Amino acid sequence: MFNFLLQGIFTGLIFSLVALGYTLVYGVLRLINFAHSEVLMTGGFAGYFFLHYTIGNHQVPSSLWATIFYVVLGVIISGAGGTVAALVIERFAYRPLRRRNAPKLAYLISAIGASYFLLNLFGKEFGRYPVATSQPFNNHVVVTLWGGQITMYDLVILVATLALLFSLDRIVYRSKMGRAIRAVASDMETASLMGVNVNRTIASTFALGGFMGGAAGFFLAINQGVSNNMGFKPALFAFTAAVLGGIGNVRGAMVGGVILGIVMFTPIYWLGQPWLEEVIAFSVLVLILLFRPTGILGERLGRTA
Amino acid sequence: MSTESTVPKRRYWALNGEDARRMCTAIVGGLVLAIMTGPEGAISDPTYGVKTSLLTGHVVGYFIFGVVLGCLLTYRAKVKDGTWRRVRTARRRTMSERVTAFSSIWRYAFLAVTTFLVALISLIFADFSGPVTRNKMSVHVLEHQFLYTRTYGYLVLAVALWFVVVNQVMQLSSFKLRSLPRPVLGLSAIIAILLFSLTSDPFLPARFSWRALDPHASNSLFHHWTTYLWLILGLAVTISWLFRRDPIDGAKPARRSRALAVTPEMRIITYVAAGFIVFEAPKYLSLYWQISLYQQIGVFCLLAIGLNIVVGFAGLLDLGYVAFYALGAYVTAYFSGALPLHPPFQLNPFFIIPFAIIIAMLSGVLLGLPTLRLRGDYLAIVTLGFGEIVYVLANDWTQVTYGSAGTGAITNFNVHLLGINYVWNPVNPLSYYYLMIGILIPAIFLFDFLNHSKVGRTWAAIREDEVAAQSLGINALKYKVMAFAMGASTAGVAGVFTAVKVGHLFPNTFVLQLSITILVLVIFGGMGSIVGVLFGAIVLQWLPSYLNFHSYFGYQQADLYLYIGALLVVMMIFRPQGLVPSRRRRREILDAEEGLGSADALGAITQEQPS
Amino acid sequence: MTSADPIFEVKDVTLRFGGVTSLNNVSLNQERGEILSVIGPNGAGKTSLFNCLTGVYLPQEGSITFHPTQTKAIKIVGRAPHRVAQAGVARTFQTSRMFNALTTFENVKIGVEAHQKTGPIGAMLKLPRTRHEEKFSDQRSHELLEYVNLTHRTNTLASSLPYGDRRRLEIARALGTDPKVLLLDEPAAGTNPSEKLALAELISRINTELGISILLIEHDMKLVMSLAQRLIVLNFGGVIAEGTPQEIQENPLVIEAYLGASDEATQ
């Protein structure tokens, strides 16, 4: 049982990374970025190619320093991949509509269109079946706690996501860019009057969320391999996590991911059917909407600081 | 024109960075299209697909396409903002003024020469559209064209058309096309279309014989779908021309004066023509197209007009529409005893329809109420999740659905009433088609009535300004949930039809991507316009099969969603109102872009809570 | 103050947005059939008061009762806006909010239809009741357009109406809901003097002929003084004065409140 709990926590951390992408974009544009799952996938593919061309079929590196090297570089490269994907999406599916002041429905439709386009473009170019990724470290069990096993993979996720979440939190609440993002989130017009470059700020929001999503894609790629639809389900869960934490709220997304992970995986211990996790996640989403639509920590990116 | 005098001199070639950007975008678009139509890659050689697409001759056509597109876009933009409008000192004479200035002999000489040219063009056209096996374009071959019946068809059409045009332009006689009684006009247009569609069929034998029209003959004319394409397109144009109404005063002024007013006889003619096509044409199709007419087009028309209620009428976004479709289908399976769970009583599929409606509607209400209470845009992702859940349940919950192994046999439609005993048989796909028509046509009319009733106006009000609508006592939530549930129940009915035809259900029929397909049918045609949505459904459901059948343009069935995704983005950027937009919806979108009101119902609808 | 037959009874309403108090302990009564005007400088909380009265805002404290003396007194606080409107409170908006893509006639018709019973089934099948209601709403909408003198604009798109006509259309649309009280939020803003005159005439006609109580926010003092039977002056979210136009004009507090915003008062 503890094993499931641990699995929930570690998967939940990945959800948190992805949920940040949703929450940042929602906070700024008040839109659900339907193409975020493809950011995840692009990050995964970037990670795959990095590992494929560096490690390839060679022996899995065993030294700690090699692990750190591959993981750090992998996260950066995947994050960059995710950033590029997010920027491309922003540039082609959002900005032309923003320039025309299009209704919200149009954004949602063009985002879902961009999502399907990227999904199938990757499928066309790289095949439509999952491919295993070269492992950057030996995934052995490091610690056993009350029957729950913590593997190397779990440790890497824990350290890397915490580092990423911490730095994102610093960026959003301490840096100049973060201040611009929060300003645009709370009032786009006033912010632009105050001299904030709204277009650039929105792009940087997408880039930040994209980096986090890409990094999450890297971890998913190591664990499950890459395929063109690897992003869909995690993204759906991550959205649930974002709503759970209060959409638009950065810290909420972090907390929401972990809570959702726990809530999703622990019951599987009793129920035994792994496909039920999706049903649970969905029920959680509907229940939050019913009883606490603003999430655990409340909404509003601009006002939580 | 009067404003031009006040504007200082304009530079004719005022190209700027914006134009360069536009051109680059168009060229990149062309290159992306080249990649889209290029070969499949594989992860073992990740650059193969892009390399082959971009570094071989394949790319040239798409590059040129991109450049042409860029030029067109630039032209459109420049004309729109007035940069490229020529400053005219004197009014240019129109073509007709120049021609009518000829003296009478020259007039007839002009007529003779141009008629000859037109005939020649029609010959070349006949040559090109003829059977593929012959050499094209040589004088020798053109001569031989007269051995073919098809040539005469083109000749008659071209010359007739030319005389009509010349008569209008040169005023050879006092006869005016518009003074013709409208039924005659409509009828002759339809005859012309019919003639054209028959003639343009490449399967037309060298010597025309009535046998070519016999649907049972092996090389029958009507085996080929292009005939119908032309028929449908021509009729669509004719109908839209006949039914064009006056713009409401104050709206954008029409460029031309209106062609015709809708008169009762006009309506009757179009209905008769449309009815003829809908009921008669399918009989002449090959079995392949008869099947897809039901399974690909009919069912999807029903799904599309259902989703249109949600997206077009109510301005909401439903990305899990296929879930309700699946629900309808599995309800059918349940009441047919095809699931592990046995029903209390087995039902004839006709009696399952009400159950499917009620169950889909209930699930729509259950899903819509908590979601719509909060924000419209949450509905999109909640339905996305719901679509996935329904798929997962259908696929994995084997105790209830048999999972991916597929359900047992589903009872076919059958009638045993008053001595009539008829069981629908898959061998004859048309029997299903007519049944589908029997439900589709009433549905079209009912939804059209709905749109033009109090309910439709209320939806329009909510889309436009929810706060104002509420201040009039309109319960926005109720109307949104109503639209959502009505869309869902339509999908439920479509599910029954699919289940019965397919016989055994497999979860893969209801993948989530199908929702996006249905969405694109609605968006492409024009959300909120039933005619548009039907147009979108027919064209977009037919086109992939057609392209796949002939493997044109390097189209592969696996890439369908690639094109659909791209189409959605392109439509949203360039023509969000769709190709055949509803007038109300188009105005709303344009208004919203100017900052007047909104064009969807996705805003917050709860009380603005001071926090 | 107590009144014999009030239509609105507002008691100690307080509304805060975050740290900003928009309305502070506002209490007022409106008599049935009365034209009551709420005036005050910009940001005094007039529109917030309207939003509370129509259920759009939820005040943190206080109660608002519609028809307080009748047996079926209606508590407005906590009621959804559409249910407030159904009870007989109609309003117009400061920046006019038309359904721009619809015609003038359709705009009014939506107002009339909002209270009809036709449901989707009836609408699809054109049942007898639907036809009957449709006929009624057509007729009623024409009457209302005639009442506000917009017959010549029947088929004009609302987005292309001139400003003054928009105001009248908004009033017609509100009248379509058969209200007992009409809340007008700066109906004369942006209209020219002759339109203003026609508007004043229309408002007093609605009051006397149709017997509808009117609550009016307006900056144009001339219009207010000629129309209103009683005035309430808000400043910084609180009521600073109340009385007949005469009394208000002589009230030193009001003069002081307006001195800072003199250009508005003399507008």
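Read-outs: derived from the displayed coordinates by stated rules, not from any lab. Keep in mind it's a predicted model, so treat the numbers as computed, not measured. Because the Cβ atoms are built from the backbone with ideal geometry, glycine has one as well, and the counts that use them run over all protein chains shown.
The mean number of partner chain beta-carbon atoms within 10 angstrom of a residue's beta-carbon across peptide C:155-161 is 5.
For chain C, with a Gaussian network of springs between Cα atoms less than 10 Å apart, report the residue from C:221, C:98, C:124 with the top mean-square fluctuation. With Cα springs under 10 Å in chain C, the top fluctuation among C:221, C:98, C:124 is at C:124. Counts of other chain beta carbons within 10 angstrom of each beta carbon in peptide C:49-60 average 2. With contributions of -39500 (n - 2.57) from each DSSP H run of at least four residues, the per-residue ellipticity at 222 nm computed over chain A stands at -24000 deg cm²/dmol.
For residue C:197 and residue C:131, the FRET efficiency from 1/(1 + (r/R0)^6), where r spans their Cβ atoms and R0 equals 41 Å, is about 0.50. Simple rule: put +1 on each Lys or Arg Cβ and -1 on each Asp or Glu Cβ in the range A:17-231, find the dipole, and look at A:21, A:198, A:48; the Cα lying farthest toward the positive end is A:198.
Which order do peptides C:235-248, A:201-214 fall in by mean Cβ count within 10 Å, highest first?
A:201-214, C:235-248
Students often check this: by mean Cβ neighbours within 10 Å, which of A:17-23, B:67-73, C:111-117 ranks highest, and how do the rest follow? List each step's numbers first, then the result.
On the way: A:17-23: 32.6, B:67-73: 15.1, C:111-117: 22.1.
The packing order, highest mean first, is A:17-23, C:111-117, B:67-73.
Any idea what angle helix A:2-29 forms with the longest principal axis of chain A, computed on alpha-carbon atoms, 0 to 90 degrees, nearest 10? It works out to around 20 degrees.
Here is how the number arises for chain C: DSSP H runs of 4 or more residues each give -39500 (n - 2.57), the sum is divided by the residue count, and the result at 222 nm is -11500 deg cm²/dmol. For residue B:351 and residue A:223, the FRET efficiency from 1/(1 + (r/R0)^6), where r spans their Cβ atoms and R0 equals 60 Å, is about 0.75.
Spin-label pair residue A:175-residue C:25: with each label point 7 Å from Cα along the Cα-Cβ axis, the two points sit 5.0 nm from one another.
Restricting the calculation to Cα atoms, the range A:17-231 shows an Rg/Rh of 1.02 when the hydrodynamic-style radius is the Kirkwood one. Inter-chain neighbour count for A:123-132: the average number of beta-carbon atoms from partner chains within 10 Å of each residue's beta-carbon is 6. A simple packing score, the average count of other Cβ atoms within 10 Å per residue, orders the peptides A:261-267, A:85-91, C:13-19 as A:85-91, A:261-267, C:13-19, with the highest score first.
Set the Förster radius R0 to 51 Å, insert the Cβ-Cβ distance between residue A:159 and residue B:570 as r into 1/(1 + (r/R0)^6), and round the FRET efficiency to 0.05. Before the final figure, lay out each step's value.
Working: r = 43 Å, r/R0 = 0.85.
Working from the Cβ atoms, E equals 0.75.
When Rg and the Kirkwood Rh are both derived from Cα coordinates, the Rg/Rh ratio for the range C:139-267 amounts to 1.01.
The dipole here belongs to chain C: it is taken about the Cα centre, uses +1 on the Cβ of Lys and Arg and -1 on the Cβ of Asp and Glu, and is about 1180 debye. Sorted fewest first by neighbouring Cβ atoms within 10 angstrom, C:93, A:291 come out as A:291, C:93.
Modelled spin-label separation between residue B:358 and residue B:156, with each label point placed 7 Å from Cα along the Cα-to-Cβ direction: 5.8 nm. In the range B:417-566, a dipole from Cβ-located charges (positive for Lys and Arg, negative for Asp and Glu) runs towards its positive end, and of B:427, B:518, B:485 it is B:485 whose Cα lies farthest in that direction.
Amide H to amide H distances under 5 Å link residue C:235 with C:240, where only residues 5 or more positions off or on other chains count and H is placed in the peptide plane.
Computed about its Cα centre, the charge dipole of chain A is approximately 1020 debye, with only Lys, Arg, Asp and Glu carrying charge at their Cβ.
When the range A:1-151 is described by a simple charge dipole with +1 on each Lys and Arg Cβ and -1 on each Asp and Glu Cβ, the residue from A:2, A:70, A:84 located farthest towards its positive end is A:84. Between residue B:121 and residue A:296, the modelled labels are 7.2 nm apart [label points 7 Å from Cα along Cα→Cβ]. Report, for chain C, the % of DSSP beta bridges that are antiparallel, rounded to 5. The antiparallel fraction comes to roughly 55 percent. Extent along the principal axes, Cα only, for the range B:281-362: 42, 38, 19 Å, with the longest axis given first.
Once the cut-off is 18 Å, how many percent of the Cα-Cα pairs in the range C:100-160 end up in the long-distance tail?
On the way: 695 of 1830 pairs.
Everything past 18 Å amounts to 38 percent.
Under the 0.36 nm per residue contour assumption, what length would be gained going from the current alpha-carbon distance of residue B:71 and residue B:420 to full extension? Don't skip to the answer; put the middle values down first.
Details: separation 349, 0.36 × 349 = 125.64 nm, distance 6.40 nm.
Full extension from residue B:71 to residue B:420 adds 119.2 nm.
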